[in-house]
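Here, each number is a calculation from the coordinates, and none is a lab measurement. Here the structure is a predicted model, which is why all the values come from computation and not from measurement. So basically every Cβ, Gly included, is an ideal-geometry build from the backbone, and we count neighbours across all protein chains shown.
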Amino acid sequence: MALGGGERRIRTCTARWIAAGFFVFGILLAIFDAPHYIARLLPDTIGAPMSSLVSVIESKFPYRLGLDIQGGTHLVYRADTNAVSAEERDAAMEALRDVIERRVNLFGVAEPVVQIEKSRDDMRLIVELAGVRDTSAAIALIGETPYLEFREERPLETQTAIAEAQKKGERMDEDPMFVPTALTGRFIKRADIDFEPTTFQPLVSLELTDEGGKIFAEITKNNIGKRLAIYLDGAPISIPVVNEAIDGGRAQITGNFTPEEARDFAGRLNAGALPVPISLMSQQSVEASLGRDSLNRSVRAGVIGFFAVAAFMILWYRLPGVIAVLALLLYVAITLAIFKLIPVTLTIAGIAGLILSIGMAVDANILIFERMKEELRQGRGLEEAIREGFARAWTSIRDSNVSSILTSLILYWLGTSVVQGFALTLGIGILVSMFSAISVTRTLLLAVLTRRLQHMRALFLSGLAGAR
């Protein structure tokens, strides 16, 4: 349906106000994304007063860079899974990885990379901490997580045999008094500080998982009248006597704690008790020189690619191409701001995902402009062709972007940390590109429409010799 002149002027005026808002929004985002560079481009009379604002933005909202870019600490641990059955080994290693990630996140390390690696018969844990230069502090940080286990008393004849063997220098790695059970810190659901009702002595109460509760009930049932030792990091902290079988999945640890020690111990257990013991195999401080070089190359490739795409869009689509480039600049500014605000840890793979999403944003504009060309060849006016072009191209853009988003979600869900970084930046980029390609580009196109441009179709699209 054709629009009246008054209604058309109102819509054009509205589009111009919105376009002006996009322009101001883009400037603010550019200052937020790169305050230092923007301040350098401005005259000294403006740039100097901005120095304090630049400092605030850079300190409060810095880009979070991964280990491959900014360097950090690389640690390799060996996990002792001898006490775990072969069927439960993979589950124990997954639990160990989750615990280490929670522990490191608790101390503010950004996006730690914790990976499981199998080397022959050894199960290893690779820990990468971006930005952590003090290797000893990183080792201490991870080592603060306790390894808790329950051990049952050996038969008297076994105790005697081990003690005699140790006098001869044999069986020195065995505990002569107690033998480990299947119940470890892996089965702890929650730990709380409590007090003994008569002596008011602090203690730590444990709530076990359903599986842990069953194991604990079986252990106490088989050891009535015997001692059950609770070991923390290989040292006994409590050796109570089992008077009866304990059901319900709850246990208590008494060890002459002070209130502060009990609170600290419970907090450490809640942060993550290690399901299997680990030992440090190697440590390395990773320098950022190689990552910085890769970053510079990636950024350079992105800039060259951006200008190549911009040149193609302008030469082939003319004025709509110029508007598409402006929308693309706003897209980049919005995406970088989101990376700062979430924040997203930028790795080389993540930057590759961002660059790929820029190309996908241009694909959407190409679909729209080609539909506009078809509408113009059918003799429609420019404004009507613009609206119809966007409306008809939307379903194709939606379907292709939804499939790409689903792919990103699957990669993030099933991939390793490097793949997850790529999937996250790609997914965010696709979502933002849908907004920039549909809303921003259409608004800018409608904003530049004038009566004179209505008759200058060649300025909008090339190859219109057959248009009426």
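Values as computed for the structure displayed
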item: Degrees separating the helix 417-435 axis from the principal Cα axis of the chain, which is the longest one; result: 30
item: Segment residue 263-residue 211, length gained on full extension (0.36 nm per residue, minus Cα span); result: 16.2 nm
item: Packing-based exposure ordering (other Cβ within 10 Å, fewest first) of 33, 98; result: 98, 33
item: Dipole in debye (nearest 20) - the chain, about Cα centre, beta carbon charges: Lys, Arg +1; Asp, Glu -1; result: 3420
item: Positive dipole terminus of the chain, leading residue within 418, 240, 26 (C-beta point charges); result: 26
item: Principal-axis tilt of helix 89-106 within the chain, Cα atoms, nearest 10 degrees; result: 70
item: Order by protection proxy (mean Cβ within 10 Å, highest first), peptides 126-134, 299-307, 426-434, 338-346; result: 426-434, 126-134, 338-346, 299-307
item: Computed over the chain: relative contact order in percent, which uses C-alpha pairs under 8 Å that are six or more apart; result: 19
item: Anchor residue 118: aspartates and glutamates whose Cα lies under 18 Å away (excluding residues fewer than 8 positions away in-chain); result: 80, 87, 88, 90, 94, 98, 128
item: MRE, 222 nm, helices only [DSSP H, n ≥ 4, -39500 (n - 2.57), over the chain, to nearest 500]; result: -19000 deg cm²/dmol
item: Projected label distance in nm at residue 200 and residue 399, using a 7 Å step from Cα toward the beta-carbon; result: 7.4
item: Centre separation in Å (Cα based) which lies between segment 150-185 and segment 190-266; result: 21
item: Entries in 168/189; 167/226; 340/373; 189/226; 189/221 that, when Cα-Cα distance is taken, lie over 31 Å; result: 168/189; 340/373
item: Cα→Cβ-extended label distance, 7 Å offset, between residue 55 and residue 89, nm; result: 5.7
item: Two-site FRET efficiency, residue 391 against residue 42, from Cβ-Cβ distance with R₀ of 45 Å, rounded to 0.05; result: 0.65
item: Selection from 257, 286, 402 lying farthest towards where the dipole of the chain points positive, charges on Cβ; result: 402
item: Relative contact order, percent, segment 72-285 [alpha-carbon distance under 8 Å, six or more residues apart]; result: 30
item: Ascending count of other beta-carbon atoms within 10 Å, so fewest first, for 17, 413, 394; result: 413, 17, 394
item: Alpha-carbon centroids, segment 349-416 and segment 13-90: separation in whole Å; result: 26
item: Computed magnitude of the charge dipole of segment 120-194 (debye, nearest 20; Cβ of K, R +1, Cβ of D, E -1); result: 180
item: Spacing of the two label points (7 Å from each Cα toward its C-beta) at residue 363 and residue 172, in nm; result: 6.5
item: Local electrostatic count at residue 87 - Lys and Arg +1, Asp and Glu -1, tallied over other residues with Cβ under 15 Å; result: -2
